[in-house]
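Engineer: Got a structure for you, written out below as structure tokens; questions coming shortly.
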Amino acid sequence: MFELIGIPPQALFGQMLLGLINGAFYAVLSLGLALIFGLLNVINFTHGAQYMLGAYVAWLLLNFLGINYWLALILAPVVVGAFGILLERLMLRKLYHLDHLYGLLLTFGLALIIEGVFRNLYGISGQSYPVPPVLTGGYNLGFMFLPLYRGWVVFFSLVVCLGTWLVIEKTKLGSYLRAGTENPTLVQAFGINVPRMITLTYGFGVGLAALAGVLAAPIYQVKPTMGADMIIVVFAVVVIGGMGSIMGSVVTGFMLGLLEGLTKVFYPEASNTVIFVVMAVVLLIKPAGLFGKAS
Amino acid sequence: MKRLSRFALATALVLALAVPAMAEVSDGVVKIGVLNDMSGVYSDLCGPGSVEAVKMAVEDFGGKVLGKPIEVVSADHQNKADIGANVANKWIDVDKVDVIVDLPNTAVCLAVQKICQDKNRINLISTGASVILTNKNCSPTGFHWTYDNYALAKGTGTAMVKEGGDTWFFLTADYAFGHDLEKSTAEAVTKSGGKVLGSVRHPFPCNDFSSFLLQAQASKAKVIGLANAGGDTINAVKQAAEFGIVQAGQRLAGLLVFISDIHSLGLKTAQGLVVTTGFYWDLNDETRAWSKKWSARMNGRMPTMAQAGCYSATMHYLKAIQAAGTDEAKAVAKKMREIPVNDFFAKNGKVREDGRMVHDMLLAQVKKPEDSKYPWDYYKILRVIPGDEAYKPISETECPYLLEKK
């Protein structure tokens with residue numbers, strides 16, 4: 001049996017698979033961020049809070065209305081997406097003509113407020129969300145024990161990412177979106193309602209964040225800070241992938257999850273920082289990101 | 001007239017000189033400052049609940065000591081030593097605070113205890129964990145009330161080895177507290193005849209433990225020791241259940257677990273976990289009575305050992321002022337060491353020369369969901385660990401001022 005720097009291959013495969021699972025979360029979250037940045041030019045700092053809202057809506061649905069995981073998987077993104085649309089209509093819209101910084105400040109402020117409200121309501125330690133009965137247990141793959149639920153997360157995230165990419169690259173609606181990103185004035189001149197398209201895109205991006213939140217609820221503790229813990233890493237993913245690049249954010253999400261997983265085997269102490277090291281290196285060599293176009 | 005005024009002056013002088021010898025409270029008020037984490041990772045296990053406990057102690061004492069009012073103030077140190085130090089300095093210099101209570105986070109404890117020692121004020125640590133606070137970094141006016149790493153490690157470590165869990169692997173939070181807890185537990189395990197197979201240091205805080213759990217699984221150790229706290233412990237326990245670690249025969253040992261953690265995990269996930277605790281609300285009629293009073297003020301939650309410890313420490317401090325007839329720190333500290341601690345929290349607790357309050361600890365196991373009869377019915381008490389057995393013996397002290405005395 002071969003060994004790689006003292007690590008048996010079984011352990012290595014296991015860690016790579018775990019890395020992919022975390023990568024799935026990064027991918028779905030950064031996909032929403034990239035989408036929003038691409039069309040709205042807004043750096044959506046509430047993304048983490050919206051991810052947390054998704055998890056909390058699922059938890060509230062289960063505990064107060066008895067609505068199960070599968071329905072929550074649809075309902076929570078809709079509810080939180082609608083909240084996003086409201087946000088865009090009432091606040092974000094007024095900032096489009098200003099510098100990026102204003103959008104960033106507004107969304108960051110909102111994130112702090114949302115997090116604070118939930119901390120006040122539910123405390124810091126959070127709540128437990130059970131794994132849906134169909135997906136409990138797991139398979140022994142020989143080199144590791146794979147919980148069924150984690151397998152589902154990877155599968156479902158891949159479907160969502162691929163679906164989004166197909167819609168944007170291969171459909172007429174997607175072509176409007178892409179055109180709107182390039183030159184909104186011209187697209188509007190063709191009779192397409194660009195402001196509405198922007199609103200819906202924001203709602204969809206927020207919905208994706210909430211979806212990731214529902215996916216995460218049974219794995220992590222549902223708690224007010226869960227988004228803040230995640231958002232910084234996800235921003236790094238988007239920056240590495242190239243701001244606004246859809247495919248870039250998905251591929252980078254999975255890749256960095258993998259890299260993080262490997263770091264946990266070889267030098268666990270650095271697993272929190274490795275993504276930022278990569279970010280610094282990429283920015284030095286390719287400032288527009290791996291998949292971004294230099295402007 | 002002149003004679004009269006001279007007489008008045010003389011009387012005033014005598015009175016002025018005589019006052020310090022009588023009951024003296026500086027600034028006419030005893031001010032208690034509760035300094036802890038009000039909004040961060042530890043806010044559920046101490047936070048506002050500790051402030052409430054201190055207020056209850058003041059109310060139960062009668063609101064006055066030596067005829068002077070008692071006031072409670074509180075602040076959030078955000079788990080940052082510099083913020084904690086700033087608050088402590090301002091409280092003592094400007095706001096005339098006499099005692100600082102609670103103090104989670106060892107780094108903040110160290111900073112604040114030093115300030116209190118330099119400025120001759122008392123500090124009562126309840127949530128802080130590290131054993132160095134009454135050893136290498138002890139202070140004549142610093143007290144450590146509820147538990148410490150040594151007691152937790154010894155309680156849980158020894159008990160698990162006795163039950164056959166003689167090989168250990170640690171998941172350790174990569175900062176001073178985690179390292180200290182791992183070291184103490186490893187010592188306890190080795191002393192009782194067990195063996196440590198390895199450890200992995202995870203970043204703090206950490207969301208995803210799966211990869212570390214896999215390494216722990218690969219070690220084939222019988223016990224996986226969680227040398228971390230709060231959200232990290234919660235995530236580790238939750239994910240261990242997900243990966244079928246406990247079902248596959250390995251056992252988890254939570255080295256620092258508060259009842260608020262169990263509450264948030266739920267019994268289904270937490271069942272079977274063996275923990276050492278300084279207090280359990282449902283131990284006897286006295287603990288239940290106090291806890292229910294606290295619970296009514298805290299939305300039906302039940303107190304953690306840290307919160308209950310804040311009450312006990314504050315009460316003891318006030319009794320010591322009464323007995324000393326002054327709130328001067330050294331005189332109060334002396335009385336605190338003389339009077340035994342007897343309340344719902346501790347029976348015949350004793351404050352040692354090094355500032356450690358020695359009291360009985362409890363070894364508990366988290367109940368199965370079907371054994372839990374009412375809300376917060378979480379622990380089955382396996383054993384009462386006598387204080388002298390639980391805490392580090394004073395003969396092994398590294399406390400500088402005690403070593404000088406010898």
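The values are calculated or read from the model by the stated rules, or taken from the named source; none is laboratory data. The structure displayed is predicted, hence computed values, not measured ones. Cβ placement follows ideal geometry from the backbone for every residue including glycine, while neighbour counts extend to all protein chains displayed. SASA here: full protein model, heavy atoms, side chains in, ligands and nucleic acids out. Shrake-Rupley method; radii C 1.70, N 1.55, O 1.52, S 1.80 Å.
Engineer: Looking at (1) free of Cβ contacts under 8 Å to residues at least 12 places away in the same chain; (2) surrounded by 15 or more Cβ atoms within 10 Å (Cβ to Cβ), which is the only condition A:Thr46 fails?
Structural biologist: (1)
Engineer: Pull up the stretch A:111-137, narrow it to residues that are surrounded by fewer than 18 Cβ atoms within 10 Å (Cβ to Cβ) and not in a helix (DSSP H, G or I), then point me to the one that is farthest from the other protein chains (Cβ to nearest Cβ).
Structural biologist: Filtering the stretch A:111-137 for residues that are surrounded by fewer than 18 Cβ atoms within 10 Å (Cβ to Cβ) and not in a helix (DSSP H, G or I), the one farthest from the other protein chains (Cβ to nearest Cβ) comes out as A:Pro132.
Engineer: Condition (residue is open to solvent by 10 Å² or more (accessible area, probe 1.4 Å) and in contact with a strand residue (DSSP E or B) (Cβ under 9 Å, 6 or more places away or on another chain)) applied to the stretch A:49-65: is it met by at least one residue?
Structural biologist: Scanning the stretch A:49-65, I find at least one residue that is open to solvent by 10 Å² or more (accessible area, probe 1.4 Å) and in contact with a strand residue (DSSP E or B) (Cβ under 9 Å, 6 or more places away or on another chain), so the answer is yes.
Engineer: Any idea which of B:Leu171, B:Leu124, B:Leu181 is buried (at least 24 other Cβ atoms within 10 Å of the Cβ) and in the same structural domain as B:Val97 (by TED's automatic domain parsing)?
Structural biologist: B:Leu124
Engineer: Anything in the stretch B:75-93 that is buried (at least 20 other Cβ atoms within 10 Å of the Cβ), out of contact with any His (no Cβ under 7 Å at 6 or more places or on another chain) and within 20 Å of B:Asn120 (Cα to Cα)? List them, or say none.
Structural biologist: Result: B:Ala88, B:Trp91, B:Ile92.
Engineer: Determine whether B:Thr276 is closer than 22 Å to B:Thr158 by Cβ and within 12 Å of another protein chain (Cβ to nearest Cβ).
Structural biologist: Criteria not met by B:Thr276.
Engineer: Kindly provide the set of residues from the stretch A:138-151 that are farther than 15 Å from A:Ala24 by Cβ and open to solvent by less than 50 Å² (accessible area, probe 1.4 Å), ordered by number.
Structural biologist: Selection gives A:Gly138, A:Met144.
Engineer: Can you confirm whether the stretch B:228-239 contains a residue that is within 12 Å of chain A (Cβ to nearest Cβ) and open to solvent by 40 Å² or more (accessible area, probe 1.4 Å)?
Structural biologist: no
Engineer: Related question: Would you confirm whether or not the stretch B:133-144 contains a residue that is closer than 22 Å to B:Met56 by Cβ, among the hydrophobic types (A, V, I, L, M, F, W, C) and open to solvent by less than 10 Å² (accessible area, probe 1.4 Å)?
Structural biologist: There is at least one residue in the stretch B:133-144 that is closer than 22 Å to B:Met56 by Cβ, among the hydrophobic types (A, V, I, L, M, F, W, C) and open to solvent by less than 10 Å² (accessible area, probe 1.4 Å).
Engineer: Which one of these is modelled with pLDDT under 95, part of a helix (DSSP H, G or I) and away from chain B (no Cβ under 14 Å): A:Leu17, A:Leu12, A:Leu35, A:Leu75?
Structural biologist: From the options A:Leu17, A:Leu12, A:Leu35, A:Leu75, the qualifying one is A:Leu35.
Engineer: Let me ask something additional. Within the stretch A:101-111, restricting attention to residues that are touching a helix residue (DSSP H, G or I) at 6+ places or on another chain (Cβ under 8 Å) and hydrophobic (A, V, I, L, M, F, W, C), which residue is nearest to A:Asn41 (Cα to Cα)?
Structural biologist: A:Leu106
Engineer: Can you name the residue in the stretch B:242-270 that is more than 12 Å from every other protein chain (Cβ to nearest Cβ) and in contact with an Asp or Glu (Cβ under 9 Å, 6 or more places away or on another chain) and is also most open to solvent (accessible area, probe 1.4 Å) among such residues?
Structural biologist: Ranking the qualifying residues of the stretch B:242-270, first place goes to B:Arg251.
Engineer: Would you pick out the residues in the stretch B:327-354 that are more than 22 Å from B:Lys114 (Cα to Cα) and crowded, with 20+ Cβ neighbours inside 10 Å?
Structural biologist: Scanning the stretch B:327-354 gives B:Val341, B:Phe344, B:Phe345, B:Ala346.
Engineer: Okay, next question. Looking only at the stretch B:207-227, which residues are part of a loop (DSSP other than H, G, I, E, B) and at the interface with chain A (Cβ under 8 Å from one of its Cβ atoms)?
Structural biologist: Across the stretch B:207-227, the qualifying residues are B:Asn207, B:Asp208.
Engineer: Specify the residue that is nearest to the other protein chains (Cβ to nearest Cβ); the eligible residues are those in the stretch B:161-206 that are assigned to a loop (DSSP other than H, G, I, E, B) and of a type in the set (Gly, Ala, Ser).
Structural biologist: The qualifying residue nearest to the other protein chains (Cβ to nearest Cβ) is B:Gly165.
Engineer: Out of the residues in the stretch B:370-391 that are assigned to a helix (DSSP H, G or I) and open to solvent by less than 60 Å² (accessible area, probe 1.4 Å), which is nearest to B:Ser264 (Cα to Cα)?
Structural biologist: B:Ala390
Engineer: Return the pair list, or none, for Cβ contacts closer than 7 Å from residues in the stretch A:261-285 that are polar (S, T, N, Q) to residues that are in a helix (DSSP H, G or I), at least 6 apart or on different chains.
Structural biologist: A:Thr263/A:Ala270; A:Thr263/A:Val274; A:Ser271/A:Glu260; A:Ser271/A:Thr263; A:Ser271/A:Lys264
Engineer: So, one more: Please find, among B:Gly300, B:Gly278, the residue that is over 20 Å from the mean Cα position of the chain (by Cα) and either crowded, with 17+ Cβ neighbours inside 10 Å or in contact (Cβ under 8 Å) with a residue 12 or more places away in the chain (or both).
Structural biologist: B:Gly300
Engineer: Go through the stretch B:21-42 and give me each residue that's within 14 Å of chain A (Cβ to nearest Cβ) and open to solvent by less than 10 Å² (accessible area, probe 1.4 Å).
Structural biologist: B:Asn36, B:Asp37
Engineer: When both residues are 6+ apart or on different chains and their Cβ atoms are under 6 Å apart, which pairs have a first residue that lies in the stretch B:176-187 and is acidic (Asp, Glu), and a second that is assigned to a helix (DSSP H, G or I)?
Structural biologist: B:Asp180/B:Asn149
Engineer: Taking the condition of being hydroxyl-bearing (Ser, Thr, Tyr), closer than 30 Å to A:Ala216 by Cα and under 22 Å from the mean Cα position of the chain (by Cα), how many residues in the stretch B:175-216 meet it?
Structural biologist: The total comes to 1.
Engineer: Quick one: how many residues across the stretch B:76-92 are closer than 23 Å to B:Glu328 by Cα and in contact (Cβ under 8 Å) with a residue 12 or more places away in the chain?
Structural biologist: Residues flagged as closer than 23 Å to B:Glu328 by Cα and in contact (Cβ under 8 Å) with a residue 12 or more places away in the chain within the stretch B:76-92 amount to 7.
Engineer: Given the conditions (1) part of a helix (DSSP H, G or I); (2) open to solvent by less than 40 Å² (accessible area, probe 1.4 Å); (3) within 14 Å of chain A (Cβ to nearest Cβ), and given that B:Val58 satisfies all but one, which numbered condition is not satisfied?
Structural biologist: (3)
Engineer: Also: Can you find a residue in the stretch A:173-183 that is polar (S, T, N, Q) and in contact with a Leu (Cβ under 6 Å, 6 or more places away or on another chain)?
Structural biologist: Yes: one or more hits.
Conditions tested, residue by residue: (1) assigned to a helix (DSSP H, G or I); (2) buried (at least 22 other Cβ atoms within 10 Å of the Cβ); (3) within 11 Å of chain B (Cβ to nearest Cβ).
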residue: A:Ala209; (1), (2), (3): yes, yes, no
residue: A:Ala228; (1), (2), (3): yes, no, yes
residue: A:Met247; (1), (2), (3): yes, no, no
residue: A:Val250; (1), (2), (3): yes, yes, no
residue: A:Gly253; (1), (2), (3): yes, yes, no
residue: A:Glu260; (1), (2), (3): yes, yes, yes
residue: A:Glu269; (1), (2), (3): yes, no, yes
